[in-house]
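Read the figures in this text as sums done on the coordinates, not as results from a lab. Computed from a prediction, not measured in an experiment: that's the story for all the values here. Glycine gets a Cβ as well: all are built from the backbone with ideal geometry, and neighbour counts include every protein chain shown.
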Amino acid sequence: MMPYNPVDPASLEGDDLTNWYLRSPQEIEQQRQASTQQRYQDFFYGDGADRRTANVATPSQTSSLARPVVDSGTYGGRAPVLQQASYVAPAGAADGPSCATCHGAPPPPIPVPHLPPFPSGWDAAFPTLPVLRDIIGGGGGSSKPPEHDRKQCEIQQRRDGEICARQPTSRANAVCRGTAMDRYSHCLDTGEVDTPRLFTIPGYSR
Amino acid sequence: MNIIAEQQLDLRDSEAKVVVRLFAPEQKGQDLWVCRHEIGEPIGEMLETEGVTSLQALALAVKGLSAALYSHPLYREGRLGAFGEFGDYLGLPAPAQYQRFAPFPF
């Protein structure tokens, strides 16, 4: 799998920020899985393991603790080895297959958390905060959204306007635009996007 | 574009003014009117609000302008004001969802 190189949206501007914000659900899911993979690698093999190792088992492939195969030059010829022999059984302690924590049978595979799919109705282009605010604004739940959150509100407003323009009747268009402004106001206040709901006629919402 | 409304807002500890302008709605197509507002520096924001009619575009533009002002960190920090008061009424109503910190309903 490709190394996960997270993009800090706070560092983006203009079209780059817009493109990041309008990623497809597939792209977001891929990045989410890459992030999970990276956290797994960092936790079990050290920070940056994915960039240093040439052949590391993925969580889905792991049936027991795997030893990473390390480029011999990475650590000056001293490949790090997972701590497997540091435990010394006390005298008289059981030894053999019944001792699952020291010798013999390896421990069971470490469970990898299953990430649920996106809930129905979730719009990947405008994920509900606090997830987005945690990513972009550094979290904290502040009542004062930072400046770059306000840019998102403008992006949402423009996109909502495009959706409203596609409504089949003038009334639906007008109602849609009214709720679009409610969403804009809410976004400026809280930093949350995609709330409240944009009133549209089914089939004309995208 | 014709300016139909304008106001100067105060900044605490500064002689500078924040100029707010609202422009007349303009028709851009069938069922499409656009009303622009501008907020001068240091806020420096502009929005073109669309409506099905000129009245809706105007009404929504006022709401958007209000939201932009009352939600801005300068207002929240009590540094933006009008009529000699800061962090208070700015001369236009606030969106309903802002009542907890700006109790000036439409």
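Just tell me how shielded B:70-78 is by partners: mean number of partner chain Cβ atoms within 10 Å of each residue's Cβ, no decimals.
Taking the mean over all residues of the peptide, I get 4.
Treating the angle as unsigned and between 0 and 90°, give the value, to the nearest 10°, between the Cα long axis of helix B:54-70 and the longest Cα principal axis of chain B.
The helix B:54-70 is inclined about 20 degrees to chain B.
Counting only other chains, and only Cβ atoms inside 10 Å, what mean value do you get across the residues of B:99-106?
The per-residue average across the peptide is 1.
Along Cα→Cβ, 7 Å out, is where each label goes; now give me the distance between the ones at B:M46 and A:T195 in nm to one decimal.
3.3 nm
R0 = 25 Å: FRET efficiency of B:L55 with A:E27, Cβ-based, nearest 0.05?
After rounding, the FRET efficiency stands at 0.05.
Note the full-extension length gain between B:Q30 and B:D13 as 0.36 nm times their separation in residues minus their Cα-Cα distance, in nm to one decimal.
1.4 nm
Taking 0.36 nm per residue of separation and subtracting the Cα-Cα distance, what length does fully extending A:R166 through A:S11 add?
Full extension of this stretch gives 52.5 nm more.
Placing one identical point scatterer on every Cα of segment B:28-69 and ignoring solvent, what is log10 I(q)/I(0) from the Debye formula at q = 0.20, 0.29 Å⁻¹?
Relative scattering, expressed as log10 I(q)/I(0), comes to -0.55, -0.90.
Per-residue counts of other Cβ atoms within 10 Å, averaged by peptide: what ranking do you get for B:9-20, B:90-101, B:58-69, highest first?
B:58-69, B:90-101, B:9-20
Sort the following peptides by mean Cβ neighbour count (other Cβ atoms within 10 Å, averaged over residues), highest first: B:75-84, A:183-192.
The packing order, highest mean first, is A:183-192, B:75-84.
Neighbouring Cβ atoms within 10 Å as the yardstick, rank B:W33, A:W20 fewest first.
So the residues, fewest neighbours to most, are A:W20, B:W33.
For segment B:4-104, build the convex hull from the C-alpha positions and give me its volume per residue in Å³.
84 Å³
Rank the residues B:E26, B:E6, B:E45, B:E50 as a footprinting-exposure proxy: fewest other Cβ atoms within 10 Å of their Cβ go first.
Lowest to highest Cβ neighbour count: B:E6, B:E26, B:E45, B:E50.
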